[in-house]
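Chemist: Okay, here's the structure, questions in a sec.
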Amino acid sequence: MLTTDLASKKLGERIWPDYIKHFKSSTTAASYRADVQEFMEFCAKDFLGMDRKDAERYYLYLKERQKQNILGAQTVAKKIRELHSFAGFIEANKATYEVDEAFQDHYSHLLDGLERQERLAGSIPVEHVDALFKAAEEDLMAYTIFTLLYRVSLSSTEIAGLRIEDFAAYDDGVYVAAGDRTEPCFVPADAAEVLERYLEKESAEGYLFRNSRGKKLNVMYISRLMKKYTLQAGIPGYSAQELKNSCAFTLFAYGAGPEETARQLGITVTQIKRYCGRSYRENMMRKANDLVKLKVEPPGSGAGNPTPRRRFSG
């Protein structure tokens, strides 16, 4: 249920309960509720009383928070998309709920621009990737998970389900059979070294990554790791998906073609088109020499740290 006093009885007791019936997850419903209520609190009025000016004022507020590195581009898009969804539901059912005829979805016109920005901002600038890895250096599990996202382009779901037996070493390198992919995914040498370092400290039995109770990680755990270390690094609250997307930009920056990149990411060539970000590539190549995490190093690597035992050597 909506908990803000700004919600009218009609909105809170009739419309909202009907709207959230189509959600399969209570977590999704809670996310929508938080964003709808945030919008109402910002405008200090009931959602049914919002107009175009309210929508645009809130949009500008979100964009300002994005500029201040408080919100990521995908978070801004998510909030507007959720408001658009809820408003669209109300607009389509005005007669059923006896909503004023003047009520409209004032958020749809904002989406085109956001989707264009998402395609460009769906990855993380390399200097922010660098800061993220530096922040996580003392947390070997988080560091290894971030490495698998960024260098191997595994999804959070694939990472959560990994077992040591999913990895195999061949003459040309290490590969991992992840999730439902039809082909094994190549693990670059630098990522394999980080994994070796992690395995020196963790049991190789069962799932590769486990929570404090020894249970398999879930996707939300990885999301919380991203939230924790982006905050600690002083960068926007990027998602695990954005870190995964950055793998594609890295591959393109070093000359990989669409077919090679699609194979590594486990997607189709048609899907890969949105990763071809020319401005990102130029930016990355310009800054590459100043950064340490285009090739991920084991945390705390240096002359005083021993090289881990080679589990994946042939």
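Chemist: Scan region 155-176 for residues that are outside any loop (DSSP other than H, G, I, E, B) and more than 16 Å from the chain's Cα centre (by Cα) and report the count.
Modeler: Filtering region 155-176 down to residues outside any loop (DSSP other than H, G, I, E, B) leaves 156-160, 163-170, 173-176.
Subsequent filtering for residues that are more than 16 Å from the chain's Cα centre (by Cα) retains 163-170, 173-176.
Number of matching residues: 12.
Chemist: Next question. Can you find even one residue in region 201-213 that is assigned to a helix (DSSP H, G or I), at pLDDT below 85 and in the same structural domain as Ala160 (by TED's automatic domain parsing)?
Modeler: no
Chemist: Farther than 16 Å from His84 by Cβ, out of contact with any strand residue (DSSP E or B) (no Cβ under 8 Å at 6 or more places or on another chain) and surrounded by 19 or more Cβ atoms within 10 Å (Cβ to Cβ), is that true of Leu60?
Modeler: Numbers: farther than 16 Å from His84 by Cβ: yes; out of contact with any strand residue (DSSP E or B) (no Cβ under 8 Å at 6 or more places or on another chain): yes; surrounded by 19 or more Cβ atoms within 10 Å (Cβ to Cβ): no.
Criteria not met by Leu60.
Chemist: Restricting attention to region 156-184, which residues are over 15 Å from Val219 (Cβ atoms) and small (Gly, Ala, Ser)?
Modeler: Ala168, Ala169, Gly173, Ala177, listed by residue number.
Chemist: Out of everything in region 164-203 that is within 20 Å of Met141 (Cα to Cα) and free of Cβ contacts under 8 Å to residues at least 12 places away in the same chain, what residue ends up being surrounded by the most Cβ atoms within 10 Å (Cβ to Cβ)?
Modeler: Ala177
Chemist: OK, next. Look through region 1-53, keep the residues that are among the acidic types (Asp, Glu) and touching a helix residue (DSSP H, G or I) at 6+ places or on another chain (Cβ under 9 Å), and return whichever of them is nearest to Glu82 (Cα to Cα).
Modeler: Of everything passing the filter in region 1-53, Asp35 is nearest to Glu82 (Cα to Cα).
Chemist: Would you call Tyr32 within 16 Å of Asp105 (Cβ to Cβ), out of contact with any Asp or Glu (no Cβ under 7 Å at 6 or more places or on another chain), of a type in the set (Ser, Thr, Tyr) and buried (at least 18 other Cβ atoms within 10 Å of the Cβ)?
Modeler: No, not satisfied.
Chemist: In addition: Taking the residues in region 226-239 that are buried (at least 20 other Cβ atoms within 10 Å of the Cβ) and hydrophobic (A, V, I, L, M, F, W, C) as candidates, determine which candidate is nearest to Ile70 (Cα to Cα).
Modeler: Of region 226-239, the ones buried (at least 20 other Cβ atoms within 10 Å of the Cβ) are 226, 229-230, 235-236, 238-239.
With hydrophobic (A, V, I, L, M, F, W, C) added as a condition, the list becomes 226, 235.
Numbers: Met226: 14, Ile235: 8 Å.
Ranking the qualifying residues of region 226-239, first place goes to Ile235.
Chemist: If you scan region 129-154, which residues turn out to be assigned to a loop (DSSP other than H, G, I, E, B) and either surrounded by fewer than 24 Cβ atoms within 10 Å (Cβ to Cβ) or within 15 Å of the chain's Cα centre (by Cα) (or both)?
Modeler: Residues of region 129-154 that are assigned to a loop (DSSP other than H, G, I, E, B), as a first pass: 136-139, 153-154.
Within region 129-154, Glu137, Glu138, Asp139, Ser153, Leu154 qualify.
The values are calculated or read from the model by the stated rules, or taken from the named source; none is laboratory data. Note that the structure is a prediction, hence the values are computed from the model and not measured. Neighbour counts are summed over all protein chains in view; Cβ atoms, including those assigned to glycine, are modelled from backbone coordinates with ideal geometry.
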